[in-house]
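Notes follow once the structure below has been shown.
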Amino acid sequence: MTLYIGRESSKLWKRICAEVITEINLLAANWKYLLAGLVCQYIHGLAARGVHYIHRPGPTLQDAGFFLLPELGQDRAYISETLFSFIFLSFVLWTFHPFIFKSKKIYTVLLWCRVLAFLVASQFLRIITFYSTQLPGPNYHCREGSKLARLPPPDSVLEVLLINFPRGVLYGCGDLIFSSHMIFSLVFVRTYQKYGTQRFIKQLAWLLVVIQSFLIVASRKHYTVDVVVAWYTVNLVVFFIDKKLAELPDRTNGAASFLLPLSTKDKDSKTKEENHKLLNGISGDPADRRQRTQVNGKTLDDVNTVHADATMNGA
């Protein structure tokens with residue numbers, strides 16, 4: 001038993017090391033995209049913090065979802081956040097499964113480049129929307145009488161740039177249309193729908209997102225319109241951007257390894273191999289690798305050349 005565990009541990013460690021090397025090569029080629037995506041996440045948080053300064057609490061708007069769904073109350077509002085945290089963490093862990101499991105379909109770096117592209121496009125539309133019209137927040141800390149409903153003018157630019165993380169994110173007001181929770185959840189679920197392999201998990205993920213939609217409204221974090229707009233906007237954004245982006249290489253196909261960037265050592269080895277072939281008269285062109293018939297110790301091409309020369313001299 002101990003021998004088996006040791007052998008499997010050794011295989012797992014080799015698999016992790018090989019995957020780390022692969023992902024580092026991909027990261028070296030795509031780090032600009034990842035960095036840009038992360039910077040845009042900060043800009044989105046900064047915009048949400050900024051709209052809180054101009055938020056004005058008022059009477060809660062008439063809402064069909066508020067009428068149909070019973071209010072969870074402040075004591076049970078955590079249920080919505082718990083479900084969102086589960087969806088978020090589950091997806092993040094899944095994106096790193098190639099480091100552990102032998103069966104793999106994706107490259108972690110390339111997948112996150114794609115996911116961040118979906119998120120940034122959706123969040124850009126969201127920023128435009130909630131700055132266009134400020135609605136009175138339905139959440140408990142955004143209602144009239146709450147000390148958190150209004151923010152006093154900032155004392156310095158640094159106070160705005162720091163966005164009071166994480167309290168400023170959890171207790172924000174004014175960034176309503178459309179739901180940021182739904183952006184992340186829908187992007188994650190649609191990504192797994194395309195690149196995941198377990199049918200049951202796909203069906204469960206969609207079910208959880210539907211449940212989360214109801215919980216967001218029931219906990220009064222958003223109006224129903226915030227959730228409805230997110231459903232069709234995010235799906236359309238993912239659909240169109242996915243068409244524009246290059247498709248990810250499928251790791252179940254062995255040829256996908258040729259899409260990885262070559263290291264300097266690999267490039268040098270390849271160059272030396274090509275030079276060696278040229279020095280030995282071996283052409284790199286597959287068209288020249290045809291079978292040549294030998295006649296009296298000479299190739300057919302040589303015989304044809306001699307025959308052509310003799311004909312010309314005779315003429």
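The values are calculated or read from the model by the stated rules, or taken from the named source; none is laboratory data. Worth saying up front: this structure is predicted, and the values here are computed from it rather than measured. Virtual Cβ from ideal backbone geometry, glycine too; neighbours counted across all protein chains shown. Note: accessible area is taken over every heavy atom of the protein model, side chains too, but ligands, DNA and RNA are not part of it. Shrake-Rupley method; radii C 1.70, N 1.55, O 1.52, S 1.80 Å.
Gain in length, residue 170 to residue 133, computed as 0.36 nm per residue apart minus the alpha-carbon separation, to one decimal in nm? Please list the in-between numbers first.
Numbers: separation 37, 0.36 × 37 = 13.32 nm, distance 2.10 nm.
Full extension of this stretch gives 11.2 nm more.
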Ordered by residue, what ³J(HN,Hα) values in Hz, to whole numbers, does segment 89-100 give under the Karplus form 6.51 cos²θ - 1.76 cosθ + 1.60, where θ = phi - 60° and Gly and Pro are x?
5, 4, 5, 4, 5, 5, 5, 9, 5, x, 6, 10
Can you pull the one-decimal nm distance between simple spin-label points at residue 146 and residue 16, each 7 Å off the Cα toward Cβ?
4.3 nm
Once both labels are modelled 7 Å past Cα along the beta-carbon direction, what's the residue 236-residue 194 spacing in nm?
1.8 nm
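How big is the Rg/Rh ratio for segment 1-251, C-alpha atoms only, Rh by Kirkwood, two decimals?
Numbers: Rg = 20.7 Å, Rh = 20.1 Å.
Using Cα coordinates only, the ratio equals 1.03.
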Obtain the nm distance between the two label points defined at residue 206 and residue 33 by a simple spin-label model: each point lies 7 Å from its Cα along the Cα-to-C-beta direction.
2.7 nm
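What order do 142, 40 take when sorted by accessible area (1.4 Å probe), most exposed first? Walk me through the numbers on the way to the answer.
Working: 142 5, 40 45 Å².
These residues rank, largest area first, as 40, 142.
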How many percent of the alpha carbon pairs in segment 62-143 exceed a separation of 19 Å?
64 percent
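Relative contact order for segment 1-251: what percent, with Cα pairs under 8 Å and sequence separation of 6 or more? Let's see the in-between values first.
Values: 272 pairs, mean separation 80.6, N = 251.
It rounds to 32 percent for segment 1-251.
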At 1.4 Å probe size, put 176, 38, 46, 27 in order of accessible surface, largest to smallest.
38, 27, 46, 176
Ordering 127, 5, 183 from largest to smallest accessible area (1.4 angstrom probe), what's the sequence?
5, 127, 183
So, taking all protein chains as they sit and a 1.4 Å probe, how much accessible area belongs to residue 180, in Å² rounded to tens?
20 Å²
